[in-house]
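The values are calculated or read from the model by the stated rules, or taken from the named source; none is laboratory data. Only a predicted model underlies this, so the values are computations on that prediction, with no experimental measurement involved. Using ideal geometry, Cβ is built from the backbone for each residue, glycine included, and neighbour counts are taken over all protein chains shown.
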Amino acid sequence: MSSLREWIRRLWGTLRPKRDDSDLEEELWLHLELAAEEAVRAGHAPEQARQAARIRVGGVAQAIESLRDQRGLPWLDHLARDVRYALRQIRRNPAFSSIAIATLALGIGVNTAMFSAVDAVLIRPLPFADADRLVMIWDDDRGRTGSRKFFSTPPEWDEWRRHNTVFTDIAASQPGDAALSNNGAPEELPARKVTANFWSVLGAEPLLGRVFTEEEDARGARVVVISHGLWQRRFGASPDVVNRTITLNDNPYQVIGVLPREFYFMPARDIDVWMPAAFSAAMLRNWGWHDVHCVARLKPGVTLRQASESMAALSLQVTAPHFNRPRAAVVVPLREELAGKTGSSLIMLLCASAAVLLIACVNLANLLMSRAAVRHREVAVRAALGAGRGRLIAQFLIESLVLAGLGAVAGLALAIPVMRFLETLVPQTMAAVRLTLDWRVLAFSAGIATAAGLTFGLTPALGGSRRALQQGLHDGGRGSAGARSHWFQHALIVTETALAVVLLTSGALLLQTFQHLRQLDLGIRSERLLTFVTPLFRYRDFDRRVAFVNAELEHVRAIPGVVNAGAISRVPLTVNDQATFYILAGQTGAQAREQVALSRVVTRDYFATVGARLHEGRFFDASDQRSESPVAIVNESFADRNFPERSPIGARFQFGRWGSKNYWYTIVGVVKEIRDRGVAEELQPTVYRVHEQADQTGDQPSGIVVRTAVEPTSIVAAVRAAIWSIDKNQPVARVQTLDDIVARQLAVPSQNTALSSAFALLALLLASLGLYGVLSYAVTQRTNEIGVRMALGATSKDILLSFSKRGLALTLAGLAIGVVLAAVAARLMATLFYGFRPTYIPAVAVVSIILLSVAALACFVPARRASRVNPLIALQHE
Amino acid sequence: MLLQTLATLGPLHGYSIAARLEQVSAGALQINMGTLYPGLMRLEQRGLVRSEWNVTDTNRKARFYSITAAGRRQLAAEKAEWDRMTTIMHALLHDQS
């Protein structure tokens, strides 16, 4: 207790001494005088008396020194002195300091920004209670569609929920439709249908009102819970929105609750309307209806692995009677699901930025070692004056830490623009974030700055202090830093070269992938193509629907600047799957269960509008009217899968569930692949039908594509007006150009590529600077030796070669290690290649050539300087 | 020791503390300035004594130290502890034989 008090006083004493030195001194002098006076009284002569007093009570200087130590905290004092000294050193060597600080700022800034993104996407808690216990459950469909995570069906959800032993509960959600029409302009709202236990599984509480009950879900009550965003936007954040009746899909629904602002859930951050799933008895028996997301909460104590094994086994059992091939289930943590590919790319980028920082540290360590050698005289003086090894090391370390601290401050300034860029990387499935320098990020950057300071400062500190104590003052500074420190510096160079090679190679592989993605043939011409969605829930009757769609397209085509317009069930390149089984003439029903094709309903002008190309046969034309013998167009995947080596034209297939009532479709054309599911998604067999012949299924051509001669966004208002002139309550949703869709899908790979290439170039630059630094230092250090060798007959060519060889040997060693590491890295990054296999050899070859030429340059400059050494001057260089 | 001196004699400056200790110990205890003043400073930092500049009877400016209430408590505690120790030591060294 009292010693804590002492400590605080001493701390205070260091910061603002209450009693300064003169105060202490005055007290001591008085003591001495009084002692002397007493000696005089005892009969000594005044001179002798003073002497005797001094002997008896001790010296003033020593007493002052111990008083000072007692007054403050000596180590804090030393620290302050070291920091001041370090700052002076930094000011004295502006070139070295600015290089060091700039290098560190780059390293720390980039790492800070990357960490803030990783923190937002992968670390920060999700807005659900105990979110780490939440998982998604998928069908393992590798055997059939090749997809590891396929949507499950309502009956699977029901069976899993009833029989599983590992979850407290499982909730299901399905896509929903919600077109709001009574409150301002008609609008299509993103909606999901969820089971009543969805809320308890997530542990979500509404901000206002309540969520729906089991009973409401079971009877399909028309109640909805709305998002915070919708509440603000359409209902003016009014608290009496609860219990208000709104019109969705032309039906009255009662708003019963509003969710908090931070709530979101798969598959998108902007779901506005949550309605009861209300699975009918028929739906709960429909084993072919694959559109369900299942989310579950692990029971306490159950691990992910146990849950996965138990669910896989359970699923095999419950699906056996219903699927041709029993299907396992896949359990994925919700966090991983939400972060998706962004998670792996962020981790890759964080690793890359860490490697850049490491290279920066290695460089600085090298620089400091070189400088420590230069400064060893100064250090030796300090050692001779009584500085212990601990104090010397502390002083070296504090210098590095001060550098790191300054680098961190500069780095934070640099991090902010990088963070703005990274915000766009946050996946669409998660809430939008604004990355800020909050305390976690600041703590992280303080941590890495300290780590960096210690990393690059420790070795030179140890080395510098050791040498100072061993060699002392007598060493004339003739450059032999010793084989040991050369060895160490060389190891550093090899390390940083290897890291640079890894970064360059990964960058090259990502670049290849990105080029590949960009040059993918989309199957359609994306420029000047406007897309939007007109939900057709108001036109349930087939004839009215066909009439409306045709009228709508007619009106849109009449707008000036429009070249053509067509409709399709899903806007191309959006991932909304809509697939069904099919059966070819002559096949059995059992085979159909193994065959899935995407199904699209289009208008006759659709293919012409998007600029699709024909492989063989024909597109739809005016002869394809409503008929008992409809026609179909298939894509190349469909043709290749079912008709290898022969033409599918004229072949017939049946569609949907294998009933006898279905039409037989005749294939009249094969279209070249259109990437209907997304730029980076795999191609799948696809069947296109003309909407006028699609009366037997619910497929609705609600996605509209418009080819324009003018800037597509300039006609949006005219398009809305044209559609509302037919039906003023028709929502027009998700207006975007196809170029935007493509750009958004390429955003993650393009940013990955941009950032990793930037990191790779930075790494290359730093590594070559490091090589250059070490070699030029060696040249400076060995000037004497070079002089001797030249005096003994070595030509300047020999000298040039000997230095270049050394640099190149280091580079080659780094290259060899780097290539091996890069192969490992490439394997870890596989998911970032989007199924594309970038070619490794050319990437490595290009990287090697770049690295070797840069390294050659970095070696050549100092080696040439060495070869130009004048032996006479060199030998006088003492 | 320092505390006891201050407790008995009231406020004193450094030299008279040293003189008093020397006198009481009959010259056996000569205290160096380098020991005395840091010791006083530590006691002050712990709040056991306080000090202020004042004028001596010979009209000199000097820093006078005086014991605080906490100092008295500490003194009592230490004295008790010391007595206990000496009793034990005494018992060990003399009564055993």
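Summary table
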item	result
Any chance A:V318 is closer than 29 Å to A:A597 by Cβ and either under 38 Å from the mean Cα position of the chain (by Cα) or of a type in the set (A, V, I, L, M, F, W, C) (or both)	yes
Single unsatisfied condition, B:E52 versus (1) surrounded by 14 or more Cβ atoms within 10 Å (Cβ to Cβ); (2) within 14 Å of chain A (Cβ to nearest Cβ); (3) under 24 Å from A:L11 (Cα atoms)	(1)
Matching residues in segment A:292-319 - criterion: being under 18 Å from A:P154 (Cβ atoms) and of a type in the set (G, A, S)	A:A296, A:S315
Segment A:37-61: number of residues that are touching a helix residue (DSSP H, G or I) at 6+ places or on another chain (Cβ under 7 Å), at the interface with another protein chain (Cβ under 10 Å from one of its Cβ atoms) and either more than 17 Å from B:A19 (Cβ to Cβ) or touching a residue at least 24 places away in the same chain (Cβ under 8 Å) (or both)	2
Members of segment A:817-845 found to be surrounded by fewer than 15 Cβ atoms within 10 Å (Cβ to Cβ) and either among the β-branched types (V, I, T) or outside any loop (DSSP other than H, G, I, E, B) (or both), listed by number	A:V820, A:A823, A:V824, A:R827, A:L828, A:A830, A:T831, A:T839, A:I841, A:P842, A:A845
Within segment A:190-295, strands (runs of 3 or more DSSP E) holding 3 or more residues that are more than 30 Å from A:D132 (Cβ to Cβ)	A:245-248, A:251-258
Residue within segment A:605-618 that is within 27 Å of A:L738 (Cβ to Cβ), over 44 Å from the mean Cα position of the chain (by Cα), surrounded by 18 or more Cβ atoms within 10 Å (Cβ to Cβ) and not hydrophobic (A, V, I, L, M, F, W, C) present	yes
Odd one out for A:Y663 among (1) at positive phi; (2) touching a Pro at 6+ places or on another chain (Cβ under 9 Å); (3) at pLDDT below 85	(1)
Members of segment A:828-863 that are small (G, A, S) and farther than 27 Å from A:I799 by Cβ	A:A830, A:G835, A:A843, A:A845
Selection count where residues are hydroxyl-bearing (S, T, Y) and either more than 19 Å from A:W29 (Cβ to Cβ) or touching an Asp or Glu at 6+ places or on another chain (Cβ under 6 Å) (or both), scope segment B:52-80	2
Selection count where residues are aliphatic (A, V, I, L, M) and within 11 Å of chain A (Cβ to nearest Cβ), scope segment B:12-49	10
Residue, modelled with the highest pLDDT, within segment A:1-22, restricted to residues that are surrounded by 14 or more Cβ atoms within 10 Å (Cβ to Cβ) and more than 7 Å from chain B (Cβ to nearest Cβ)	A:W12
Among (1) assigned to a helix (DSSP H, G or I); (2) touching a Ser or Thr at 6+ places or on another chain (Cβ under 9 Å); (3) more than 30 Å from A:N111 (Cβ to Cβ) - the single one A:D699 does not satisfy	(1)
Within segment B:5-30, tally of residues that are under 15 Å from B:A62 (Cα atoms), part of a helix (DSSP H, G or I) and in contact (Cβ under 8 Å) with a residue 12 or more places away in the chain	4
Any hit, segment A:34-46, residues being at pLDDT below 75 and either more than 30 Å from A:S370 (Cβ to Cβ) or exposed (fewer than 13 other Cβ atoms within 10 Å of the Cβ) (or both)	no
Residue list for segment A:156-186, filter: more than 21 Å from A:F279 (Cβ to Cβ) and at pLDDT 80 or above	A:T165, A:V166, A:A179, A:L180
Among residues of segment B:58-80, those that are away from chain A (no Cβ under 12 Å) and loosely packed, with under 10 Cβ neighbours inside 10 Å, counted	2
Answer from A:R377, A:R335 - the residue that is outside any strand (DSSP E or B), surrounded by fewer than 17 Cβ atoms within 10 Å (Cβ to Cβ), charged (D, E, K, R) and touching a residue at least 60 places away in the same chain (Cβ under 8 Å)	A:R377
Single residue of B:Y15, B:Y37 found to be buried (at least 18 other Cβ atoms within 10 Å of the Cβ), aromatic (F, W, Y) and touching a strand residue (DSSP E or B) at 6+ places or on another chain (Cβ under 8 Å)	B:Y15
Scope segment A:62-104; condition within 14 Å of another protein chain (Cβ to nearest Cβ) and either out of contact with any Lys or Arg (no Cβ under 7 Å at 6 or more places or on another chain) or assigned to a helix (DSSP H, G or I) (or both); matching residues	A:Q62, A:A63, A:I64, A:E65, A:S66, A:L67, A:R68, A:D69, A:Q70, A:R71, A:P74
Selection status of A:D158, within 24 Å of A:L346 (Cα to Cα), of a type in the set (D, E, K, R), in contact with a helix residue (DSSP H, G or I) (Cβ under 9 Å, 6 or more places away or on another chain) and part of a helix (DSSP H, G or I)	no
